C-alpha cells in the first residue's frame, strides 16, 4: 500500500527463490507447494543488476520459505547479497528471511554475506502463533533465530507483527519484552488485512492513535526504532533503520 512512498525514498523489496512457498500460513496469499529444489542460478546477478538499474539506496531481499532445500535457501540468499553489494557498494541490504527451521549453520551463511539488516518476522503474539502461522513455524523458533542473529554486532536485527488478529494489549507488550530479551533492534507494527475470504478474518481495526501509543511503548522498552501504523509492512520505510540517530549507522 506504500509503493509511491517507497519509490520516492529509493527503496524496494525483491522476492527471491520463486513464488511457491513450502508453507501455508493462514494470513498469506502466496502460492503453496513443493518447488522440488528449483532455483534460478542467474537470480543473484540479475537482482544486483536490477538494484543498479533502479538506483536504489536500500533494498529488502525477501523470499518464500524453501523447506525443500537443505539450507532453506540461505546459500542463495548469501550469493544474492554479495552480488548486490559488489555492484552497489553504497546500497543498504536487508534480508527478510524464513526461519531456516532454526538451523544456525544456515543463519551463519547469511550473516557472513555482508548484509546490513537481518529480519525474521515473528508475525503475531505467542497465543496466536499456531492458528496464524504454519505448524513448522513457531514463536520460540523465531525468537531463537533472532537471538542467534543478534549475537553478530555488525548486523541490525529486525522483526514485525501484524495487529488486529485478536491479540490483547498485554500479549503485545509481552511479545515486545520477549523480543527485547533477545536484543532485537527494530520493530514494525501494522494492521492485518485479510487477503481473501479463505484467510483469517480481521478481528479488529487498530486506530492510528493506538499505533502511535505502541510506538512510544516500544521505544521506552529499548527498541532503537519502532515503525508503527495502519499500512506499515515489515519492509515499510526500511531505510530508516540505517539512520544515524536511530541505530548508530550512517545512512547510505
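Read-outs: derived from the displayed coordinates by stated rules, not from any lab. Keep in mind the model is a prediction, meaning the values are calculated, not measured. Neighbour counts run over all protein chains shown; Cβ positions are idealised from the backbone, glycine included.
Given labels modelled 7 Å from the Cα in the Cβ direction, how far is it in nm from residue 15 to residue 202?
In this crude label model, residue 15 to residue 202 measures out at 2.1 nm.
Just one of (i) 0.93; (ii) 1.00; (iii) 0.95 is Rg/Rh (Cα atoms, Kirkwood Rh) calculated from these coordinates, so which is it?
Entry (i).
Would you kindly state how much longer the chain becomes between residue 29 and residue 220 on full extension, computed as 0.36 nm times their sequence separation minus their alpha carbon distance, in nm to one decimal?
So the extension gain works out to 65.3 nm.
Do the sum for the chain: with -39,500 (n - 2.57) for every DSSP H run of n ≥ 4, divided by all residues, what is the mean residue ellipticity at 222 nm, to the nearest 500 deg cm²/dmol?
Details: 9 runs with 87 residues, N = 252.
It lands at -10000 deg cm²/dmol.
Among 76-82, 27-33, how do they line up by average Cβ neighbours within 10 Å per residue, starting with the highest? Don't jump to the answer; show the numbers that get you there.
Values: 76-82: 22.9, 27-33: 14.6.
My ranking of the peptides, most packed first, is 76-82, 27-33.
Using 16 Å as the cut-off for backbone N distance, which residues of segment 80-120 belong to the label zone defined by a point 7 Å from the Cα of residue 45 along Cα→Cβ?
Within reach of a label on residue 45: 80-88.
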